[in-house]
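Chemist: So that we are looking at the same thing, I have put the structure below in structure tokens.
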Amino acid sequence: MADSSSPGPAVRSVCVYCGSSNTTKPEYLDLASRFGATLAGLGIRLVYGGGAVGLMGRVAKAAHEAGGEVLGIMPRFLERREITYEAVPHRMVDTMHERKHIMFEESDAFVVLPGGIGTLEEAVEMLSWRRLDLHKKPIIFLSEDGFWTPFFMLMDHTVEANLTPASFRDGVIDAHSVAECLSALGVKAAV
């Protein structure tokens, strides 16, 4: 894995991890749409899992429709399940590992919107790689209703048990608005 941890002049590309369910809360789908449109408006490329459903589809469609650059990374075995969003460029891969590696390589930062076990697995792997000093890219969990609060309680529990250093926990951001997320990314914008 190439070390992409050297600080660049600005965040140019953000990987978004999020759920692929259309049956989740409308507020989560709305957040995904607003975040995608915001990235496009700032000229920041969206890198995502390639699907057209759920929050994943919403963030990509909003970014694309707002004139933003979008790159989807889709494993072939998920094409029917996550339904490839054909309006944007994709890289088709064979495995989840390839998907995650390319998403990592193509991104300057990670934003985690509400999602299920797959979203959590992707985010935790990036946290693990950061803990192993494989990267220093920002990782921001974004929800407006405290969706990720239980996850941060678990992280705090591992710190209290001396299994995770407190300094590591301090570097993982729990953002409660798009504006707060952008600020954590070092992006100045009116939202």
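The values are calculated or read from the model by the stated rules, or taken from the named source; none is laboratory data. Here the structure is a predicted model, which is why all the values come from computation and not from measurement. We place every Cβ from the backbone using ideal geometry, glycine too, and count neighbours over all the protein chains shown. Accessible surface is based on the protein model in full, side chains and every heavy atom, while ligands, DNA and RNA are left aside. Shrake-Rupley method; radii C 1.70, N 1.55, O 1.52, S 1.80 Å.
Chemist: Which one is least open to solvent (accessible area, probe 1.4 Å) among residues in the range 166-185 that are assigned to a loop (DSSP other than H, G, I, E, B) and modelled with pLDDT of 90 or more?
Modeler: Ser177
Chemist: From the list Glu98, Glu106, which residue is under 13 Å from the mean Cα position of the chain (by Cα), of a type in the set (Asp, Glu) and under 25 Å from Arg76 (Cβ atoms)?
Modeler: Exactly one of Glu98, Glu106 is under 13 Å from the mean Cα position of the chain (by Cα), of a type in the set (Asp, Glu) and under 25 Å from Arg76 (Cβ atoms), namely Glu106.
Chemist: If you take the residues in the range 150-165 that are open to solvent by 60 Å² or more (accessible area, probe 1.4 Å) and in a helix (DSSP H, G or I), which one is farthest from Ile44 (Cα to Cα)?
Modeler: Glu160
Chemist: Given the structure, is Leu154 of a type outside the set (Phe, Trp, Tyr) and touching a residue at least 60 places away in the same chain (Cβ under 8 Å)?
Modeler: no
Chemist: Right, another one. Return the only residue of Gly36, Gly51, Gly115 being modelled with pLDDT under 95 and under 16 Å from the mean Cα position of the chain (by Cα).
Modeler: Details: Gly36 fails: modelled with pLDDT under 95; Gly115 fails: modelled with pLDDT under 95.
After applying the criteria, what remains is Gly51.
Chemist: A further question on this structure: So Tyr28 fits all but one of (1) touching a strand residue (DSSP E or B) at 6+ places or on another chain (Cβ under 6 Å); (2) not in a loop (DSSP other than H, G, I, E, B); what number is the exception?
Modeler: Condition (1) is where Tyr28 drops out.
Chemist: Let me ask you something else. Anything in the range 62-84 that is under 16 Å from the mean Cα position of the chain (by Cα) and under 17 Å from Tyr17 (Cβ atoms)? List them, or say none.
Modeler: Ala62, Ala63, Val70, Leu71, Gly72, Ile73, Met74
Chemist: Can you name every residue in the range 82-101 that is farther than 16 Å from Glu121 by Cβ and not hydroxyl-bearing (Ser, Thr, Tyr)? If you could, list the steps in order and put the result at the bottom.
Modeler: Of all residues in the range 82-101, those farther than 16 Å from Glu121 by Cβ come to 83-94.
Correct list: Ile83, Glu86, Ala87, Val88, Pro89, His90, Arg91, Met92, Val93, Asp94.
Chemist: When you go through (1) farther than 26 Å from Glu180 by Cβ; (2) at pLDDT 95 or above; (3) not in a helix (DSSP H, G or I) one by one for Ile102, which number turns out not to apply?
Modeler: Failing condition for Ile102: (3).
Chemist: Residues in the range 9-22: is at least one of a type in the set (D, E, K, R), open to solvent by 20 Å² or more (accessible area, probe 1.4 Å), farther than 20 Å from Ile140 by Cα and more than 13 Å from the chain's Cα centre (by Cα)?
Modeler: no
Chemist: Of all residues in the range 66-104, count the ones that are in contact with a strand residue (DSSP E or B) (Cβ under 9 Å, 6 or more places away or on another chain), under 27 Å from Leu42 (Cα atoms) and surrounded by fewer than 14 Cβ atoms within 10 Å (Cβ to Cβ).
Modeler: So the answer is 2.
Chemist: Here is a further query. Please name all residue pairs, on different chains or six or more residues apart, with Cβ atoms under 8 Å, provided the first residue is in the range 25-39 and is open to solvent by 20 Å² or more (accessible area, probe 1.4 Å) and the second residue is of a type in the set (Asp, Glu).
Modeler: Once the first residue is open to solvent by 20 Å² or more (accessible area, probe 1.4 Å) and sits in the range 25-39, its partners that are of a type in the set (Asp, Glu) give Glu27/Glu144; Glu27/Asp145; Ala37/Glu65.
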